[in-house]
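The values are calculated or read from the model by the stated rules, or taken from the named source; none is laboratory data. These numbers come from a predicted model, not from an experiment. Here Cβ is always computed from backbone atoms with ideal geometry, including for glycine, and neighbour counts include all displayed protein chains. These accessible areas exclude ligands, DNA and RNA; they are computed on the full protein's heavy atoms, side chains included. Shrake-Rupley method; radii C 1.70, N 1.55, O 1.52, S 1.80 Å.
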Amino acid sequence: MQLIREDLAELSRVKWLCTESTNVYVLRLDQIHPLISGNKWYKLRYYLEAAKASGQKVITFGGAYSNHILATAAACKLYGLSCAGIIRGEEPEQYAPTLTDAVSQGMELHFVSRTAYKEHQIPQPLAGENTYVVPEGGYGFTGLLGAATIPYLPGVFDTVCCAAGTGTMMAGLLHSAPADTTIAGFSVLKNHKSLTAEIETLLQRPLPENSFINNDFHFGGYAKYTEELIHFMNELYKVTGIPTDFVYTAKLFYGVKALLDSAFKTSRNLLIIHSGGLQGNRSLPKGTLIF
Ligand SMILES: *Cc1c(COP(=O)(O)O)cnc(C)c1O
């Protein structure tokens, strides 16, 4: 059953980023579904298939602005699965748009303390139900196998760049890529020193020598941003028509652009994976972005 229009993801050349030595392309996974954001669909697909086969209720974890929570809610609705989200922190008086949308997709929400969240505790009454647990962010080997189906035409590009949170998407790309393809991940967390090790655990082999994780473009840390980043997002949109999100893809595009004359100088055809996440921009003050 094909429920998501993967064929809607446009692949195009980004003239503004191309240099004399490098052609830069983008794969617009943000276009496959308005709520099931880009890479989250790929990471979820096999988890949801398993839950569907076993007839269990899906439960997963996330914060109040989580792309993963909303994607899970919307994908479960498409699959006819019931689902619950375990949300970090106290229940707010007024829900942020992400949570409002998740509820309108049929997700039941449970708010837990930060400590309980950290320990991945499953609150009552959920703990007594027959549930299928999807790890936070879709992390895990099942998520990797799903991410390995991201349709980026393995072998066509010598370099493929993506944003990295848990690193599951990057691990999936490494899993499906030919050995001579460079996979470059841009970490959006500050001091996430264990990221390489986490990716290697998922992959069950060391990171190949030609692939790497860059830690220089986190802009202060997870979901942090600067005026410079916002300016870049508006500029990128104005010139290319590509909208980005401030948590992941803007940092990725910024990092790629900054490295075109150094780390990527020898790349001839470089692909940027636009992994979606645009709904998260709703947490920015109104008027911050021109799109
Ligand atoms: C979750 C997310 C990522 C990070 O994916 P990981 O597999 O956790 O590294 C990247 N981009 C967007 C838009 C996301 O929502």
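Less than 15 Å Cβ to Cβ from SER187, Lys/Arg counted +1 and Asp/Glu -1: what total charge do the surrounding residues give?
Net charge around SER187: +1.
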### Query
Separation between the THR149 and LEU284 pseudo-spin-labels, each 7 Å from Cα along Cα→Cβ, expressed in nm?
3.2 nm
### Query
Under the definition of Cα pairs under 8 Å and six or more residues apart, what whole-number percent is the relative contact order of the chain?
22 percent
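Report the relative contact order of the range 1-73, percent, no decimals, based on alpha-carbon pairs under 8 angstrom and at least 6 residues apart. Mind dumping the intermediate values first?
On the way: 70 pairs, mean separation 17.8, N = 73.
Taking the mean separation of contacting Cα pairs over the length of the range 1-73, I get 24 percent.
For the range 39-138, what proportion of DSSP beta bridges, expressed in % and rounded to the nearest 5, is antiparallel? The partial results should precede the final answer.
Working: 0 of 14 bridges.
Beta bridges within the range 39-138, antiparallel portion: roughly 0 percent.
With a 10 Å radius around each residue's Cβ, average the other Cβ atoms per peptide and rank 143-156, 39-52, highest first. Provide the component values of the computation, followed by the final result.
Details: 143-156: 19.4, 39-52: 23.8.
My ranking of the peptides, most packed first, is 39-52, 143-156.
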### Query
Using every alpha carbon pair in the chain, what percent of pairs falls into each 5 Å bin from 0 up to the bin containing the largest distance?
1, 6, 12, 16, 19, 17, 13, 8, 4, 2, 0, 0, 0
## Note on the structure
Most packed first (mean Cβ within 10 Å per residue), the peptides 194-200, 74-80 order as 74-80, 194-200
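Considering only protein heavy atoms and a 1.4 Å probe, what is the carbon-and-sulfur percentage of the accessible area of the range 152-291? Before the final figure, lay out the partial values.
Working: 3170 of 6100 Å².
Roughly 52 percent, rounded to a whole number.
For the range 39-138, with all protein chains present and a 1.4 Å probe, just round the carbon and sulfur fraction of the accessible area to a whole percent.
Ligands and nucleic acids excluded, carbon and sulfur reach 47 percent.
Quick one: accessible area per residue over the chain, 1.4 Å probe, rounded to a whole number of Å²? Please list the in-between numbers first.
Values: 12990 Å² over 291 residues.
In whole numbers, the chain has 45 Å² accessible per residue.
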### Any cysteine of the chain lacking a neighbouring Cys Cβ under 4.7 Å - listed by number
CYS18, CYS161, CYS162
## Note on the structure
Descending packing, highest mean Cβ count within 10 Å first, for 13-21, 250-258 is 250-258, 13-21
### Query
Highest GNM mean-square fluctuation, the chain, Cα pairs closer than 10 Å: which of ALA164, ALA184, ALA53?
ALA53
### Message
Using each residue's phi in the range 150-160, evaluate 6.51 cos²θ - 1.76 cosθ + 1.60 at θ = phi - 60° and report the 3J(HN,Hα) Karplus result to the nearest Hz, with x for Gly and Pro.
### Response
4, x, 9, 6, x, x, 7, 9, 7, 9, 10
